[in-house]
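Chemist: Let me give you the structure first, and then I'll get to my questions.
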Amino acid sequence: MDRGTVGGSFDGGIALMVDFGLIDEWRPAPGRLVTWFASADSVARAARAPAHPAPPSLQQEQYLRLADRHSGADFRFSGLCLVTAELPTGDLDRDAITRAIHAFLLRHDTFRTWFTVESGGTVRRHLVPEADVEFVPVDYGYIDDPEAICRHVEKTTPGPFQWDCFTFGTIEHGDSTTVYLAVDHLHTDGLGQYLSAADFAQLYAVELWKDAEPLAPAASYLDYCRNERFFSDQQSLSSPGVKKWLALLGGNDNRLPVFPLDLGKKTDGYHRSAHRSIVLFDDEEADRFEEVCRANGADFAGGVFAAAALAERELVGSDYYFGMTPVSTRTSAAENNSVGWYVTLVPVAFPMTERTTIPRALRIAQRAYDSGLLLAPTSFHRVLDLLPADSEIKAEPGWVTPMISFIDARDFLGNELFDSMNAGIFANRAASEEALIWINRLPGRTSLSVIFPDTAIAQESIGRYLDTMKSVFGAIIDSAPEEVVTP
């Protein structure tokens, strides 16, 4: 794989250890392409799988209903996630890869399920028996066109209403091999994408070397979905978590959060995704940013939301910041080893005035972030479902909000291999109605990536937003630490 920036899309021309972007920005080197698909017999057997009582997660349910409502779109409306890595060998054992794929799919039970949306709107899960899972390789020969490989991955990976909405592949370059997993967003979150790559590498190693260390047990995603639904069904409008969510929405004029600048969205038709990324910090700058945060009672994550609020104040004069951030809902060691969509949104909301200084912004942003984390067990999806018809808070079907996700990937086991593996995480140009932001702290670089509606107005707005964010992050670094005081 090309070791440069993602499709030339990283502003500043600085290469990162992990590439982020859209699938059609991926530039794999020429090579022999082999893709593993579910066999025809396996697909036929899976189609007869009986309904299973475990519900989808709340996140999955909204995702599937939205995909069902927009099934008539002339493009893939749902999300497709592509994880890539380069191995320093051109001599892969295809039989061992096939066995590793089967072990991976049986290890994580989310990959043995598929869903139907019934006429009344109920989403029903089906569970494929382990014996019916069979993936086989198809050799496409040598391909020297990167765009053709990108199109192949997107075209051959089914959508979320087919069981086999995931494919595996290798591109043999001679002295190295690019491996990939393409999977519908239905089955994976950001951590799940990392886990998928790490698990597959270890499972392949176990197939080659019997003394390789086996993987620790992984939890059942179906059990998680049952537990999540059991807890959410106990929630009512009088539950403390629900009341807190509604109070925060009330402080935002009874509106869901929106991106502060115009994105040029139409009222009809679809918007496809666009992508931009910038480098925020090198290692030294990231350390200095964290030092300033800690000197003022915040950690790195709190600093991220302080910067977002200060940028929003500068751009539109906002006196109340209301952001959303996704957090993992994994709560055990086994769940930390499990691939699935273990994510919920939590709020980060706090007031800002013209006189709010950087130190104070850091302190109040951290408190708001910590307070938001306490609402993780109370799903925002459930809160909106509980709203009565006459509520002043309105959320249309398929609602979407902007978000800022912060991940410190230096905590990931094996992060020191990111550079040598030339890892990549890519998404398709799915439907896009809001600005979704990922800030990733990696060994060597901290980057900001944003996916947004591909309109001329949004391109200009996102450019302004990124310039302002970078300026504000710089101002925080340059600010003199001061003694922490109780506001």
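The values are calculated or read from the model by the stated rules, or taken from the named source; none is laboratory data. Because the structure is predicted, anything quoted here is derived from the model rather than measured. A quick note on method: Cβ atoms are made from the backbone with ideal geometry, for glycine too, and the neighbour counts reach across all protein chains shown. When the accessible area is computed, the model is the full protein with side chains, heavy atoms only, and any ligands, DNA or RNA have been set aside. Shrake-Rupley method; radii C 1.70, N 1.55, O 1.52, S 1.80 Å.
Chemist: Does LYS266 meet the test of being open to solvent by 80 Å² or more (accessible area, probe 1.4 Å) and either within 25 Å of GLY398 (Cβ to Cβ) or in contact (Cβ under 8 Å) with a residue 40 or more places away in the chain (or both)? Lay out the reasoning, then the answer.
Modeler: Numbers: open to solvent by 80 Å² or more (accessible area, probe 1.4 Å): yes; either within 25 Å of GLY398 (Cβ to Cβ) or in contact (Cβ under 8 Å) with a residue 40 or more places away in the chain (or both): yes.
In short, yes.
Chemist: Something else about it: Somewhere in the range 205-219, is a residue open to solvent by less than 20 Å² (accessible area, probe 1.4 Å), part of a helix (DSSP H, G or I) and either under 30 Å from ASN422 (Cβ atoms) or of a type in the set (S, T, N, Q) (or both)?
Modeler: yes
Chemist: All but one of (1) under 16 Å from ARG255 (Cβ atoms); (2) open to solvent by 70 Å² or more (accessible area, probe 1.4 Å) hold for PRO397; state the number of the condition that does not hold.
Modeler: (1)
Chemist: Any residue at all in the range 39-60 that's under 18 Å from LEU181 (Cα atoms) and surrounded by 14 or more Cβ atoms within 10 Å (Cβ to Cβ)? Let's see the steps before the verdict.
Modeler: First pass over the range 39-60, keeping only residues under 18 Å from LEU181 (Cα atoms): 39.
Cutting the leftovers down to surrounded by 14 or more Cβ atoms within 10 Å (Cβ to Cβ) gives us 39.
The answer is yes; a qualifying residue exists.
Chemist: Right, LEU82: hydrophobic (A, V, I, L, M, F, W, C) and assigned to a loop (DSSP other than H, G, I, E, B) or not?
Modeler: Numbers: hydrophobic (A, V, I, L, M, F, W, C): yes; assigned to a loop (DSSP other than H, G, I, E, B): no.
So LEU82 does not fit the description; no.
Chemist: Go through the residues of the range 142-161 one by one and say whether even a single one is under 24 Å from the mean Cα position of the chain (by Cα), within 30 Å of THR89 (Cα to Cα), open to solvent by less than 40 Å² (accessible area, probe 1.4 Å) and free of Cβ contacts under 8 Å to residues at least 40 places away in the same chain.
Modeler: yes
Chemist: Next question. Select from the range 305-360 the residues that are out of contact with any Gly (no Cβ under 8 Å at 6 or more places or on another chain), of a type in the set (A, V, I, L, M, F, W, C), in a strand (DSSP E or B) and open to solvent by less than 10 Å² (accessible area, probe 1.4 Å) and list them in ascending order.
Modeler: Matches in the range 305-360: MET324, PHE350.
Chemist: Kindly list, by first and then second residue, each pair from a residue in the range 112-136 that is touching a residue at least 12 places away in the same chain (Cβ under 8 Å) and over 15 Å from ILE101 (Cβ atoms) to a residue that is of a type in the set (Gly, Ala, Ser) and surrounded by fewer than 17 Cβ atoms within 10 Å (Cβ to Cβ), limited to pairs with Cβ atoms under 9 Å and residues at least 6 apart or on different chains.
Modeler: These pairs meet every condition: TRP114/ALA47; THR116/ALA51; ARG124/ALA51; ARG125/ALA51; HIS126/ALA47; HIS126/ALA51; LEU127/ALA51.
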